[in-house]
Amino acid sequence: MYSIDNFSKRLQLDFTDVSCREKLLTEWSEFIFIVCSGLAESVVAAACSRVGQRVLHVDRRSYYAANWASFTFTGLLTWIQQHQVNAALYMYITELIIVFLSQEDEEEAKSPDPPNTTEEEKGVDEDAAAETSEEQSAGKFGTEFHVKNRFFTVADLQLPDSGEEEETEETAGVEQPTRKKISYAHLVKEGRRFNIDLVSKLMYSRGSLVDLLIKSNVSRYAEFKNVSRVLTYRHGNIEQVPCSRADVFASRQLSVVEKRKLMRFLTSCVEETEQQQAYNGQPYLEFLRDQKLGENLEHFLLHSIAMVTEDAPTEDGLAATRHFLRSLGRYGNTPFLFPVYGLGEIPQCFCRMCAVFGGIYCLRHSVHCLLVDKDTNRYKCC
């Protein structure tokens, strides 16, 4: 992508030469200025550049995608520190990072003996102590968050496994493997192996955004993956949501009668009927209860398939359910796609297309003013 240095070369101007001022003002008037590199701004920039317009895209930040950006763990901590002016946001993310620590600390406090440190954990601590740059960052933020020497685990969440066998008498006496604890220093050290999105969203495989990525040929600039399964939290457990026909009949959370009811209901949702229209304006939950589906199916359909609130109108709930069903099977077992390297890749892909067709990008630059010619009522420069 073009930087501010490339900008002067492309216009064939010497910014130190005063005689180039008039030519510079003329060149500026031919550009379309776009401020901020969020998703909407990036799409507009790519569209303008694609049809032959001259685009200058500026952003005061040092990264692309604005509030749609994706960060490594260390990058997220830096972003939090830069936004400490918002105390509520700072405290919320701080609590989010240490939310898994409380229960582990309570268990250790109740135990009369100190927790055993395995050789693997010792190796992690030794490796963490040997690090220079990343460890300094870990110590810095570890002091602020008070989690430098604490451990957390997410093994308390019992995730369903489609290939998991029920416990038998043979496996009942087998000792379960010890849960692996992750130190904060280790988390910072491995922080480049995953990304964290500022905006957490998934894309329907037959949604408008996916169609735009395909039609504009922007999809070639990124890699996508299908979500392997959809989970829901209910009665203190995390359960898998049956999406396809195979999932419905393989589900252990549903009885045989519930499986038939669910398949019958999903089949009836494909097309709108007069019976469904009679519930327009009424809550979707009331419509589901009148279908006598049961509490289990009502939860799955309302919160995990339609993904609407209990007071959402029936027409909205049915439309969301149809959209879910239409997106099934296009790229995988679930209707959702996500960029492999984070949602921040989407705006960057459109920025990349804009640059390919001649767009100029200037990060860490802000627009301070706009000069307008009184005679022609057109801007000269900014």
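The values are calculated or read from the model by the stated rules, or taken from the named source; none is laboratory data. Please read these numbers as outputs of a predicted model, since none were measured by experiment. When we count neighbours, we look across all protein chains shown, and the Cβ atoms used for this are built from the backbone with ideal geometry, even at glycine. These accessible areas exclude ligands, DNA and RNA; they are computed on the full protein's heavy atoms, side chains included. Shrake-Rupley method; radii C 1.70, N 1.55, O 1.52, S 1.80 Å.
Going by amide H atoms built from the backbone, whose H comes under 5 Å of the H on R234, apart from near neighbours?
So R234 has HN proximity to E239.
Take the solvent-accessible surface of the protein heavy atoms, probe 1.4 Å, and return the percent of it on the stretch 218-312 that carbon and sulfur atoms account for. Display every interim value, and only then the final one.
Values: 2570 of 5480 Å².
Carbon and sulfur atoms account for 47 percent of the accessible area of the stretch 218-312.
Pick out, in residue order, every one of the GluC sites (Glu not before Pro) in the stretch 287-382 that is DSSP loop and has at most 15 other C-beta atoms within 10 Å; say none if there are none.
Values: sites: E295, E298, E310, E315, E345; in loops: E310.
Those satisfying the criteria are E310.
Sort 60-73, 357-370 by the packing proxy (mean of other Cβ within 10 Å over each peptide's residues), most packed first.
On the way: 60-73: 19.1, 357-370: 14.6.
Highest to lowest by the protection proxy: 60-73, 357-370.
Taking H as built 1.01 Å from N, whose amide H comes closer than 5 Å to the amide H of R54, not counting residues under 5 places away?
The list, which skips near neighbours in sequence, is I32.
With θ set to phi - 60° and the Karplus curve 6.51 cos²θ - 1.76 cosθ + 1.60, what are the ³J(HN,Hα) couplings of the stretch 281-289 in order, to the nearest whole Hz, using x for Gly and Pro?
My calculation for the stretch 281-289 gives x, 8, x, 5, 4, 5, 5, 5, 5 Hz in order.
Suppose all protein chains stay in the model; what accessible area per residue would a 1.4 Å probe give for the stretch 199-323, in Å²?
Values: 7030 Å² over 125 residues.
Roughly 56 Å² per residue, with all protein chains present.
For G329, list long-range residues whose amide hydrogen, built 1.01 Å from N in the peptide plane, is under 5 Å from its own amide hydrogen.
Residues meeting the amide H criterion: T334.
So what J values fall out for the stretch 42-55 if you push phi through Karplus, 6.51 cos²θ - 1.76 cosθ + 1.60 with θ = phi - 60°, rounded to Hz, Gly and Pro as x?
Values, residue by residue: 5, 5, 4, 4, 5, 5, 5, 5, 5, 8, x, 6, 8, 10 Hz.
What spacing in nm lies between the two simple spin-label points modelled at I182 and R252, each 7 Å away from Cα in the Cβ direction?
About 2.6 nm separates the two model spin labels.
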